[in-house]
Amino acid sequence: MTRDGDLWMSGRVRLARLAGQAIAVSDGVAATTGPAGRWLTIGSQHTVAGVLAVEDADGRVDIEMHLLVHWPPQVSLQQLAQQVRGRLRRSAGMAGLEERLGAVSVVFDDVLAETRGG
Amino acid sequence: MSEAEKTVRAASGAASSKQVDGRVPLESELGQTTIGESVVTRVAGLAAREVPGVHALGSGAARAIGSVTQRVGLGDLRTQGVSVESGEKEAAVDLTLVIDYGESIPRIADAVRSQVIKRVEGITGLAVMEVNITVNDLYFPGDDEPVEAPRVA
């Protein structure tokens, strides 16, 4: 547990927030909560859209990020996934949470584009 | 093996390795990347629309229904006229096109095929084994204008 302002946050929610920040600073992608807000991490006072964070019995947290990609993407989806995943691993390391971070999955759910009629 | 046999084998391979839930997972040392089949479908549809001379995608009935469902927020132009079968490494794409009158259909079909292969392979990493194109209509300028009802004296 750690303090963020006046709030206590679990490692799970901290990692989810770092995942949300990694998505936010990555060009060409946005988080999606999916149908009925299915992909959310809800902490005591923090809600992170597009991120599922699941803690196992050993305290390791698996992260699943759900993304929308803007059309046309400038790099392949695998490269985008590696960029987001790399950012999360680096920021988890800087926050001293690298031991807690488990598998990081990236799921591309949709493409956003302006389309002409037809 | 003949080209036709290769195509059939490739297409059946793509279908047999299809993942459940319409998703294509890609394992790496750092984690799994999953590309939804709807993403592959949308990439193919958007790529086809990028080619000048392609007026629309979908059959006449699909477009008529699509225009209604889109107005009520249910339709999606990005997937209209596009069908994709994808596996772990391969994909096969079927497209139904409406082409602008006056354009060369073989030239447009070739351009669409190249663009779809370039986009799908570049963006998703899947090898596109085939792009089947059906041109089911031509668009004439003025087709969209409402027809005035004849006046009866």
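Laboratory data are not the source of any read-out in this text; all were calculated from the coordinates shown. None of the values given here were measured: they were computed from a predicted structure. Don't worry about glycine lacking a Cβ; one is built from the backbone with ideal geometry, like all the others, and counts go over all protein chains shown.
Helical runs assigned H by DSSP (4 residues or longer) give chain A a calculated mean residue ellipticity at 222 nm of -9000 deg cm²/dmol, each run adding -39500 (n - 2.57) before division by the residue total. Relative contact order of chain A: 27 percent, from C-alpha pairs under 8 Å at least 6 residues apart in sequence. For B:I35, the amide hydrogen comes within under 5 Å of the amide hydrogens of A:F108, B:V24, B:L26, counting only partners 5 or more places away or on other chains and with H modelled in the peptide plane. Multiplying the residue separation of A:Q74 and A:L112 by 0.36 nm and subtracting their alpha-carbon distance yields 12.3 nm.
Taking amide H atoms as placed 1.01 Å from N in the peptide plane, the amide H of B:A56 lies under 5 Å from those of B:V98, each 5 or more residues away in sequence or on another chain.
Look at the stretch A:80-86: the mean tally of other chain Cβ atoms within 10 Å of its residues' Cβ atoms is 3. For chain A, the longest principal axis of the alpha carbon atoms and the long axis of helix A:77-94 meet at an angle near 20°.
Net charge around A:G102, counting only other residues with Cβ within less than 13 Å of its Cβ (Lys, Arg = +1; Asp, Glu = -1)?
Net charge in that neighbourhood comes out at -2.
In a simple Cβ point-charge model (Lys, Arg +1; Asp, Glu -1; nothing else charged), chain A has a dipole of about 180 debye relative to its Cα centre. For A:A36 and B:K89, a Förster radius of 35 Å and the Cβ-Cβ distance give a FRET efficiency of 0.60, rounded to the nearest 0.05. According to the square roots a ≥ b ≥ c of the eigenvalues of the Cα gyration tensor, what is the shape class of chain A, taking rounded for a/c under 1.5, prolate for a/b larger than b/c otherwise, and oblate for the remainder? Judged from the Cα gyration tensor, chain A comes out prolate (a/c at least 1.5, a/b above b/c). For chain A, the longest principal axis of the alpha carbon atoms and the long axis of helix A:11-24 meet at an angle near 30°.
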